[in-house]
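Single-structure report; data block below.
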Amino acid sequence: MTVLCRLRHCHLSTPTLCRRFHDARVYKEDKRWPGWQVVVGIETHAQIKSRRKLFSGKITGTNPDEPPNKHVSPFDAAFPGTLPKLNSKCVDLAIRTALALKSDIQHRSSFDRKHYFYSDLPSGYQITQQYAPIALRGQLNIQMPNSSAVPVRIKQIQLEQDTAKSTLNPRKRISNIDLNRAGAGLMEIVSEPDLRSPEEAGMFVRTLQAVLRAIGASDGNMEQGSLRCDVNVSVNRVGRPPGTRCEIKNLNSVKFMMAAITHEIIRQRAILESASDLETCTVPQETRGFDENTFETYRLRSKEDAPDYRYMPDPNLGVLVLSQDRVQAIRDSLPELPWETRHRLREMYALSERDIDVLLSVDSGREVTFDGEKDVDGSGAVAMTHELLGQLSARKETFTDNSLTSDHLGELIDLVQNGTITGTSGKYLLRHMLAKPSSLRPAQITQQLRLTSLSSFSSSGHSNPTSTTDQELTTLCQAAITALPNEVAAVRAGNKNVMNKIVGRVMRESRGRADAKGVKALVEELILGGGDKS
C-alpha cells in the first residue's frame, strides 16, 4: 500500500515546533509494522584523520596498542592557563567533508563550550560549534536495492573535541582514564529525520563512511571508535502527528545500530498499542543505551534528568573566518567521490555493480593519508586497481573470474603503502599472483620472492628496514659509485642532475626493491658526506 501524506497544519502556539518535515516523503508501508510510520535521524561523530589534535598540536593518539596517556599536552589535561590553538588541517578536512556533502559552508563560524562533568572530560566542558557550525544544509543520496536514490538532508556539520577514553576495572571497581584521545578532532554530522527504516539508516551510515574514507577526512572505523552514531527514533500511526523521539547513544557498528532501531520501533509501538486512548498516549522521551548481548535498548535517563549543558561562547577562540579562495582551493583538490568512482569503473571497464562494490571496499580510504595528503608515489589503491584491471584486460579475463581475492588485494596495497615493498615490486607481485594463483598471503609470497624493500628512507615514511636490508642497499650504492667515477666527480663539482644516472643503476641492480628517493638520499650522503666508504 502506498499513501501520499499531505502536510498538516499544526495548532501549536510556537510555529517552529511544528515538525512539518515529518510527512515530506511518500509513505510506503512496511510489512513488519503495518499502519505505523518510522522516523529516524542520525548524529554521526567522525574522528578527523589528522596527525595532530584539534587545539593542542599534540600527536593524535588513536592506536589502541599504544600505552595510555602517552600523547597528552597540558591543554589536553586542562592545566590552568593553557590556551587552545586551532589545527588548520582539521578545518580543511571539515571543509572537504562539507563540499562532498553539498553543504553551504559558513564563511564565519564560532566555537562554544558545552558544560558537563564527567571523568573523561578534564576541563568540565567540551569545545564544539552548537550555534554557529562550519557548514549547514547539505545532502547525501543513499541507494537502496531495487529503489531510486533517497535524498537525506544534512542539517549541519560542526567541529568539536573528542573526550578521553574511560575503561572500567570491575575487580578494583574504578575507572581508568586514558587521555591519548582527549582533544582529538571530531566532526559531528547531523542528519534531518529523513530516514524511514533500519535498513535506510544502515545504508546512510555506510554511504557516509565511504565518502569520509574517499576524501580522507576520517578512516570511519566504527570498531575502533573513530565513527560513532547517536540515533533518534520515533513512531506514529499513519496520518497522526509525529511521535515522541527517543535517542539511542553511542552505537559503534551498523549491525548494532539497525538492531537498536528495530527494537526501539517494537518497544514504542507496544507502548502505544497497549494504551486505552491512542489520542493522548505518548512514549516517554528518553535517552537510551543498547545492550549488545540482548540486542535491546535500555533506559539511561529521562527528559527531566537530562543535563543542562549551559552553552556559552568560548572566550579563548575567536570567530573562524574562511576565505572564498581557501574554500575554492579545497574544492579544486577534492578527491574522486564514491559515486564518481562507481560511474568511471562502470563506463571504462563495464564492470558489474557487484565487482565495483568489491573494488570500492578494497580502496576503503587507503588512497588518502593523514591531513588529506594524497598517496603521491603512485603506488596506492587506485594505481593497483588500474594495474589489476589492465592485467585482466591483457589476459582477456573478467574481474569476476580473476583468482585474486579482495582481501589479498587489500593486503598487497597495504604492503606497498607501509613501505614493506616498493610500488614496482607491488606491480610485479600482482602479476605473479595472477599468473600463479596460490592460497599463500601476499606477505608470504613477498618473502619467498625476496621482494622486501631495501630502502631505509621510504618516501611514505613508514618503512621498517632491518640492518640486513640497510647493509645490502648501502653495498649496492657503493658499487654504483665505484662503477661510475666520472659521474661521482661531476656530482662533487656541483652537477647533481648526474646523480640520477647513479640512482638508476642502483634501481636496476636492486630489481625495483629500492625506493628511488631513499636511494638518492643515501647516494648523496655517501658521495658528499665522506666519499667512497668501504
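The values are calculated or read from the model by the stated rules, or taken from the named source; none is laboratory data. Quantities reported herein were computed from a predicted structural model and do not represent experimental measurements. When we count neighbours, we look across all protein chains shown, and the Cβ atoms used for this are built from the backbone with ideal geometry, even at glycine. Please note that ligands, DNA and RNA were not included when accessible areas were found on the heavy atoms of the full protein model with its side chains. Shrake-Rupley method; radii C 1.70, N 1.55, O 1.52, S 1.80 Å.
Structural remarks
- Under the simplified labelling scheme, the Arg441-Leu334 pair shows an inter-label distance of 3.8 nm, with each label point 7 Å from Cα along Cα→Cβ.
- Sorted largest first by accessible area at a 1.4 angstrom probe radius, with every protein chain in place, the residues Arg171, Arg137, Arg267 fall in the order Arg171, Arg137, Arg267.
- For segment 222-355, the average shadow cast by the Cα convex hull is 15.5 nm², which is a quarter of the hull's surface.
- Using the rule -39500 (n - 2.57) for each DSSP H run of four or more residues, divided by the residues of the chain, the 222 nm mean residue ellipticity is -10500 deg cm²/dmol.
- Axis of helix 254-273 versus longest Cα principal axis of the chain: the two differ by about 0°, to the nearest ten degrees.
- For Ser403 and Asp357, a Förster radius of 25 Å and the Cβ-Cβ distance give a FRET efficiency of 0.85, rounded to the nearest 0.05.
- Entries of Lys70/Lys172; Lys53/Lys501; Lys31/Lys255; Lys102/Lys520; Lys70/Lys303 with Cα pairs more than 32 Å apart: Lys53/Lys501; Lys102/Lys520; Lys70/Lys303
- Note on segment 276-346: the alpha carbon radius of gyration divided by the globular reference 2.2 N^0.38 Å gives 2.13.
- Estimated translational diffusion coefficient (Stokes-Einstein, Kirkwood radius over Cα pairs, 20 °C, 1.002 mPa s) of segment 41-221: 124 µm² per second.
- If you sort Asp291, Asp325, Asp120 by accessible surface, 1.4 Å probe, largest first, the order is Asp325, Asp291, Asp120.
- Computed from label points 7 Å out along Cα-Cβ, the spacing between Asp30 and Ile174 is 4.5 nm.
- Taking Cα centre as origin and charging only the Cβ of basic (Lys, Arg, +1) and acidic (Asp, Glu, -1) residues, the dipole magnitude of the chain rounds to 300 debye.
- Using R0 = 56 Å, the C-beta based FRET efficiency linking Thr280 and Ala394 works out to 0.20.
- Accessible-area value, Tyr27, 1.4 Å probe, nucleic acids and ligands omitted, Å²: 10 Å²
- Top positive-direction residue, dipole computed over the chain with Cβ charges, set Pro34, Gly426, Gln139: Gln139
- The Kirkwood radius of the chain, taken over pairs of alpha-carbon atoms, gives through the Stokes-Einstein law at 37 °C and 0.692 mPa s a diffusion coefficient of 123 µm² s⁻¹.
- Counting only protein heavy atoms and using a 1.4 Å probe, the accessible area of Phe256 comes to about 40 Å².
- The chain, relative contact order in percent, only Cα pairs under 8 angstrom and at least six apart counted: 13 percent
- Segment 113-132 versus segment 185-252: alpha-carbon centroid distance in Å: 22 Å
- Summarised as an ellipsoid, segment 234-307 has semi-axes of 22, 15, 10 Å, derived from the eigenvalues of the Cα gyration tensor scaled by 5 and square-rooted, with the largest first.
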